[in-house]
Every structure is written in structure tokens, then in C-alpha cells.
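The values are calculated or read from the model by the stated rules, or taken from the named source; none is laboratory data. Given the structure is predicted, the values throughout are model-derived calculations rather than measurements. Cβ coordinates were reconstructed from backbone atoms using ideal geometry, including for glycine residues, and neighbour counts include every protein chain displayed. The accessibility values were calculated without ligands, DNA or RNA, using every heavy atom of the protein model including side chains. Shrake-Rupley method; radii C 1.70, N 1.55, O 1.52, S 1.80 Å.
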Amino acid sequence: MSISDISDAKWHALDVATTLSKLQTNLQHGLGAAAALDRQKTYGRNQVIAQQQESVLWRFLRQFHNALVYILIVSAMMAAYLGKWVDVSVIFGVVVLNAIFGFFQEGKAEKALRAISSMLAPNAKVIRDGKKVIIPTFMLVPGDVVVMERGYKVPADLRLCELKNLQAQEAILTGESLPVEKNIAAVSEQAAISERYSMLYSGTLVTDGSGLGVVVATGINTEIGKISQALAEVESITTPLLLQMNKFGRWLTLLIVVLALIVFLVGILVWHDSSSEMFMGIVGLTVAAVPEGLPPIMTIILAIGVTRMARHKAIVRRLPAVETMGAVTTICTDKTGTLTSNELMVQSIVTVQQSYLLGENISFDHSDVKGAVASVILCNDAELHQHHGGDYTAYGNPIDVALMMLGSRIKFDVGLWRQKFPRTDLIPYETEHKFMATLHHNHDNNSYIYIKGAPEIILSKCKWQQINGDAVPLDREYWQKNIENLASLGQRVIAVASKITPNKRLTLAFNDVEDELVLMALFGLIDPPREEAGLAVKECMQAGVKVKMITGDHATTARAIATSVGIESGQVLTGDMIDNMSDDELANVACDINVYARTTPQHKLRLVKALQQQGEVVAMTGDGVNDAPALKQADIGIAMGQKGADIAKESAAMVLADDNFATIVHAVSAGRTIYDNLQKAIIFILPTSFAQAFAIVIAILFGLVLPINAVQILWVNMITAVTLSLSLGFEPAENDVMQRPPRKASAPLLSWHLMWRICLVTLTLMVIVFGLFIFVYKQGFGLEVARTVAVNVLVMGEVVYLINCRNLRQSSLNWATFFGSKYVLLSIAVVILFQIFFTYIPLMQHFFNTAAINLEHWCYIISAVMVAFILVEVEKAVLRTRVSDKCC
């Protein structure tokens, strides 16, 4: 017996005797201590080993692995070589500050695999050497005989060998909300996990009954272990914004290096200048061209988005996920608990005379309907406890609870009915016979039998049907047709029948319910769609976001639920069909099919990859262990916060605190708004950096004095970035944010017309900075005064350009743009205050080589920046005219 034999065997398809023989064990004696120890050495511990986590120190050091950071470090080293220690300290301060921002941006290390390990039961009851003993779960080995009882968590994958009315809740693996009835009969080799009734799987829960099972898989060979392995193998997907920023950073780095090299060669070869001033000019150029404020401002704006989403119950675990929501093109959603409420309720009632749909105007005074509802309330083991607020706590089988809740919804006095018809005896529901029967009598000593269960079983026992309180011959074809109709709607069908028995009967036997029953009604139960799910799906589609449902449920049920929430469900692709497709074949059809049924964790992972292969930006919602690999593989995984497993939450980038699919719509809107605001911030920051850089380039190329030095450049970049550009993060959503299609992930960060805007503003700022610097310097005010004027005109130019940026296309010449944002007004006030300190405080003058300027200089500055503001508004007006002409 080898490990491969164990892991590859189709245990669900083998009978009990063959299983015990292959595992060399038996139910009475179990394994001996020596045999168990040998197998422990062969198969290892029954544990899912968590992946080694990245150290905190390494995660911090990794923040410095960036081309733009390398440029700043080299610049600092050049300044240190020249003894410019103030410049060195400022540059390194900026680099470290950015690294700290990045470190906290990444947040917590992954805990997903540890969460899987915590799902295993701590102890297990096994038969060893003929005795029942409790051992730690990690000591289980293949061949161990495990005792399972109600409430036990399954400690390993088991092949059931003996059982009594055993049911298990397997939603974490299959997504099915109802407990699964188990039996010991072998099933088909091709059976999906949800149909392997002869198996219990690690991490699931026994909800009823008892049984014996033999361990057939432990550790990573269990179904939950395979999910763990798949999760460990999935590489984290970077976000569209980070991809764009990395590409932008590489091009900017190349531009800076080439520009610095050209300027250096001109300085040495043309002007024969090898002085420290020229070298510091190169340092100033590199520092000027690198937008140091961009990383922190991106982080802050994303953090603003986190706060906005949190208000709508969407908790973001990874900061870049905020903007990813704005680029999502496809949402893959589970059915149970996501689109549906994960609670059974009665949807339909069928009597001889009519079919009723709950929610419509049903007359429960009609004798047939009233009698049918009374029957399922009496033939019922559920208990309801009403709280002061009107809510109920329910106990019992989900079907019994749903039928009892029906009685509560239609104002049946359950307590009174039970008093009028007390129960004398019952036949409990068991898998073998698939029905429950109860014996009742009233206070006039009349006796009644009520029976409910699988419709095909109940129908076979009936000879009559009830109409207007009377029994008439059964129309079998009518009932069979309605059973099939309810099933086609994805409803679980329960039939109820009754029988009058001789007075004074006190016991109930199987012979009493074999024939002569009167069929009263059919009840169709369904896990209903959330009320808000349909509207949320519609809004997603209006925003150009496709919604696809992926579930472990039957195709019929999946199609019915999909249709009810507005998802087009023409063709349903099942797990068996997916297994017969190659990855390329699946990718070719994945975009066109919206409903997937009978899927396994591996199918979900393949589907997400297939959609990504077609260029889709995929969001995956889920709440179970089975969703974890796909949640991690998706561009953004969205877990359910209330009913979701810990592993799902740890694997996801975002958690819905209210488990509400509609919350995703708010997240998409917020993501698009945040991206818009990030774009505004970028288009605001870049012209400042470029203007400073080209001002230095011009100075060196033409042998002129530098208008701004390196530390002054860093001052401008950091102060304006964390004040002026920060205010753009609070801009409200554009009016058309949810009417336009998602942006393409491959689209450049900046469009051609925005690049033109950057060039225009860069040239304008460079001209007014260089122009005023030379003008003041030539008037004899001295280098420090001229540079102070240059810095102030640059900063004030950014102030007025901030007003331009609030509307990228529309005119800013209106009251709302100037005074409609308190954040903009506050940031402008703060910057002006900083500039006053920068210009007039002696300590600042010492560090930044500035000097006080007079009122005349301020008049020059204000005049220059107003010209710049008007120039940008004229450019926007020309752009709007061209767009209008094209539309006409």
C-alpha cells in the first residue's frame, strides 16, 4: 500500500468490504498502535502545513526595490560625496518616508493557509486495538476507524461504513446550503463531491445521526488539503493601476537617466565645468524629475477610498484593491448566500384546484390550502422561538424550519394547533424511507395521520386526493406534471398527505402509511434570491460589468436562480463539461456563458484563469473554503463577512460586511471615482516635477545659474503633494461614473490629451519660473531672493493649476469649482502658510537658502500665475470645441 495508491483511489466508488480490505483494517478492532505508528511515518501528520510567511524586515526592505528610488539614492550618494549633508538628509528622508508608506500599504501578511489549518477538528474519536479512544487529529492515519456523531467536525476524509440517519453540512466544499443525507452505497467514479453520499470530508460538520467511517485521506491528500495546495500555488495578481505605474516608472526612469547623462556630457564637454555646483545641478535635475510625492499621495487617495467603501459595508483588506474595483469587467459570483439568502423558504403551494406562488394574494382560508399548511405544521419537528422585536430563532431540519416559518408568515397559531391536535406517535424521517409521519388526535377522540416527504414516495402511497375537504380518486398524471414543473423551477418539492384512522389509536407503524392516503398538496421550497440582488445585477450590467454565476448546485436550480436575478442563462456549463475541455477551449467560451453548475474548486479556479486569459479583469465573490483559490487568483476576491469562512476572508482582497451583493455596486462606483481622482492627482503632480527638471536642464545647457536648488525642489514636491494634490482625493463621483464602460486594463495611465495638458503646463511653469528668476536676478536682488521668487511662483502656479484640475474637461470659471470644496480651500490655505514660513522664517531660510521678498515680487508672481491659469482654460475650451465638432 503506497501513498499514490491512497491518494489516487476512487474510494466513493468502492464498496465497504473492498475499502476495508485495501486499507487492511476492520470496524471492530481498528488499527493497532504499532500499525498506526508505522503509517504515521509513511503518510506524515494529518495537517495542512501553512506556507512560510515573508518576514517583516524583508517586506520593508523590498519597498526600496524601485527604479525611481534607486535614482534618488544615487543622487544622495553624489551629494554626500560633495559634502552636501543637508541635501543628503532631505533626500534620504523622502526615500525612507515613501518606504514606510509602501510597507503599511501592503498590510497584513497572508494568513489563508493558517486559516485552513484551523478548520480541522482538534481531536477525533477512533477505534484502536478494539477500544474507542480520543486522539489528536494530527495522529490520524489512513485505515483508522473514526466514530462520528451529531455535532462532530469531520477530522479527515472518510469512507462511510456504517451509519444511522447521518447527515452532513458540506457547504464549505460544495456551496450547497442543505445538509446532505449519507449512505454507505458506492456511487459512480465520475460523481461530483456533492453527490458522493458515501463519503465525509475533512472540515465539514455532521448535523444529524451517527456512523463509522474509515480514514482514506489525511493532510494535503484530503479535499481541503488539495484546496490548500492550490491556494499556495496561486500567485497574487497585481492590480491594473500598479501595472500602469510600474510601466510609467520604467519609462520615466529611462527619461531621467538619458536626460541626466546628456546634461552631464554638455556640462563637461561643452562648458568644461567640473565644479561641485554643476554636479549638484545634476543631483537637482534627478531629484526634480522624480515625483517623490506621487507614491504617498497615491497611498493616501487609496486610503480615502477605503474609508468611502467602508461606509457602504465593503471592507478593503489590500489597498490597491480600491482602484481595481473601478476596472472590473466581470464578476464571478457564487449562488448560495451571495445571490440567495442561504435559507430555505416555501415558494409554491399546489393543490388539486390551483397552484399558488407565495407573495401573491393567496386565500389561506380555503379549506384545501389551510388543511395542507396545518398538516405540515403538525408533521414537523422544528421549533420557533419569537423574540421581542418580532424576529424568530429556529431549530431543526431546514425543511421543517421553512414549513414552520410558512405557518408563522400566514399567522397560524402553531401553539394552538398543537394543543388542538396533540401528537401521540411518530415515524421519524430517515434516509432509508424518505418521509416523516405523525399520529394525532383531537379532543373528540378523532385520530389522524399526517405524512410528508419525497413526492415520489408519498405519491406512491396515495389513492385519493383532497378537494374542498373531500377525498376523490387520485389524478396521478396531474400531480406528476406539477412535481416536474416545480423541480424545473429549481424548487425542492415536498408532498404532504393525510389519513383518518380508527379512534383510540396510540401507536403508529409503517403498515399504517403504506396505502389509502389522501394527497393534500405539494410544497415547493427554494433558497430565495436576495431582494436587492436583481437590482444590483442590473446596475452592474448598466456599468458594463458582466455577472456570471458559478455554483455547485444542479443546472436546473442554477438556471432558475440566475433568471430570477436578471442574469442571462441561455446555456449552462456544468463541471463535467468543463472537465472535457482544454484550457484554451474553456477560455474561448467563458466570456459567452453566464451560468456554471455542479462545479468544484478546481473548476472555479480554471474559470477565473480562462476569463483572465481573455483580458477580463475578474472579481470573484465567495464564502466557502471551495472559493479560496479562485478568490486569490482573481484580480479582486470578494468574501462574505457574515457567513464566509475565515479562509475565504483571508484569501480575499475585500470583505462584504453585510454579505450583500448590492454592496459590490457601491464598491465599483467608489473604485471608478478613486481612479478618476488618482488621475487628477497624477496630472497635477507631474507638470511640477517636469517644469523643475527642464528649468535645470535649460540652465546647464546654456551655462546659466540654476533657478532652484535640490533641497528647494524636494520642498516643493513634498509640500504640495501632501496638501494640494491630497485635496483631489476627496473629489465626488462624476455624474456618468456608472454609465460608462470599465476602463481597459491595458489602457495607458494618461490619454493623449492629458499628456498634451502635462506638456502645456510643464512648458508654462518652466517659462514663468525661469523668466521671473532671471528678471529678479538681473535687477540685482541677489541669488537667494531670485530663487525664493522662483520657488514661490512655482508653488502659486500649482495652486491655480489645482483649480484647473478639479475639472479635467469642463470649464473651471465658476463659483462651485473655486469654492465648492472645503478640502481644496483648506489645502490652499495650508500651502500659503507653509510658503510664508519658507520665505520669512530664519530657520527655514538657513536650511533652504531662501530670503524674504517684497510686495512687488508678489505682484509679479500673482500676475504670472493668472496668465498660466487662463492659458489652461483656453486649452480646455479648444478641446471641448473639437469634441463637439466631431460629435456633429
Practice item. Scan segment 496-512 and report the pairs whose first residue is assigned to a helix (DSSP H, G or I) and whose second residue is open to solvent by less than 80 Å² (accessible area, probe 1.4 Å) and β-branched (Val, Ile, Thr), with Cβ atoms within less than 9 Å and a gap of 6+ or a chain change. Key: Phe510/Ile427; Asp512/Ile427; Asp512/Ile449; Asp512/Thr501
Exercise for review: For residues that are crowded, with 19+ Cβ neighbours inside 10 Å and aliphatic (A, V, I, L, M), scanning just segment 809-852, find the one that is nearest to Leu726 (Cα to Cα).
Suggested key: Val824
**Study point:** Condition met for Lys461 (closer than 17 Å to Glu516 by Cβ and of a type in the set (D, E, K, R))
**Key:** yes
**Study point:** Selected residue (only one of Val776, Val791, Val795 is open to solvent by less than 10 Å² (accessible area, probe 1.4 Å) and farther than 22 Å from Leu724 by Cβ)
**Key:** Val776
Review point. Which of the residues spanning segment 173-191 are more than 29 Å from the chain's Cα centre (by Cα) and either surrounded by 21 or more Cβ atoms within 10 Å (Cβ to Cβ) or assigned to a strand (DSSP E or B) (or both)?
Key: Glu181, Lys182
Review point. Looking at segment 163-172, which of the residues that are over 14 Å from Glu430 (Cβ atoms) and either touching a strand residue (DSSP E or B) at 6+ places or on another chain (Cβ under 6 Å) or modelled with pLDDT of 90 or more (or both) is surrounded by the fewest Cβ atoms within 10 Å (Cβ to Cβ)?
Key: Gln169
Exercise for review: Residues that are within 30 Å of the chain's Cα centre (by Cα): find the helices (runs of 4 or more DSSP H) completely inside segment 689-788 holding 1 or more of those.
Suggested key: 724-727
Review point. Based on what the data block shows, is Lys643 under 12 Å from the mean Cα position of the chain (by Cα) and basic (Lys, Arg)?
Key: no
Exercise for review: Please find, among Leu631, Leu656, the residue that is surrounded by 24 or more Cβ atoms within 10 Å (Cβ to Cβ), of a type outside the set (S, T, N, Q) and either farther than 25 Å from Ser228 by Cα or free of Cβ contacts under 8 Å to residues at least 24 places away in the same chain (or both).
Suggested key: Leu631
Practice item. Mind counting the residues in segment 457-473 that are open to solvent by 30 Å² or more (accessible area, probe 1.4 Å) and either farther than 19 Å from Ala374 by Cα or in contact (Cβ under 8 Å) with a residue 60 or more places away in the chain (or both)? Key: 8
Point to revise | Cross-chain or 6+ apart pairs with Cβ under 6 Å, segment 787-802 first and within 12 Å of Ala868 (Cβ to Cβ) and touching a residue at least 12 places away in the same chain (Cβ under 8 Å), then in a helix (DSSP H, G or I) and among the hydroxyl-bearing types (Ser, Thr, Tyr) | key: Glu798/Thr688; Glu798/Thr720
Check your understanding: Any residue at all in segment 152-172 that is farther than 26 Å from Pro136 by Cα and part of a loop (DSSP other than H, G, I, E, B)?
Key -> no
Study note, to complete from the structure: In the set Ser210, Ser194, Ser198, the lone residue that is surrounded by fewer than 22 Cβ atoms within 10 Å (Cβ to Cβ), out of contact with any Gly (no Cβ under 8 Å at 6 or more places or on another chain) and in contact (Cβ under 8 Å) with a residue 40 or more places away in the chain is Ser210
Study note, to complete from the structure: For segment 474-490 the number of residues that are in a loop (DSSP other than H, G, I, E, B) and either open to solvent by 60 Å² or more (accessible area, probe 1.4 Å) or among the hydroxyl-bearing types (Ser, Thr, Tyr) (or both) is 2
Review point. Is there a residue in segment 237-249 that is among the β-branched types (Val, Ile, Thr) and modelled with pLDDT of 70 or more?
Key: no
Exercise for review: Please go through segment 343-358 and pick out each residue that is surrounded by fewer than 21 Cβ atoms within 10 Å (Cβ to Cβ) and in a loop (DSSP other than H, G, I, E, B).
Suggested key: Glu343, Val352, Gln353, Gln354
**Study point:** Selection within segment 162-218 - among the polar types (S, T, N, Q) and under 14 Å from Val146 (Cβ atoms)
**Key:** Ser202, Thr204, Ser210, Thr218
**Study point:** Single match in Ile73, Ile49 (criterion: open to solvent by 80 Å² or more (accessible area, probe 1.4 Å), among the aliphatic types (A, V, I, L, M) and either at pLDDT 65 or above or closer than 30 Å to Val215 by Cβ (or both))
**Key:** Ile49
Exercise for review: Go through the residues of segment 129-150 one by one and say whether even a single one is open to solvent by 20 Å² or more (accessible area, probe 1.4 Å), in a loop (DSSP other than H, G, I, E, B), in contact with a Phe, Trp or Tyr (Cβ under 6 Å, 6 or more places away or on another chain) and not aromatic (Phe, Trp, Tyr).
Suggested key: no
Practice item. Determine which member of the set Arg806, Arg757 is closer than 23 Å to Ile304 by Cα and either surrounded by 15 or more Cβ atoms within 10 Å (Cβ to Cβ) or at pLDDT below 90 (or both). Key: Arg806
Review point. Looking only at residues in segment 408-440 that are in contact with a Ser or Thr (Cβ under 9 Å, 6 or more places away or on another chain) and β-branched (Val, Ile, Thr), which one is farthest from Val376 (Cα to Cα)?
Key: Thr424
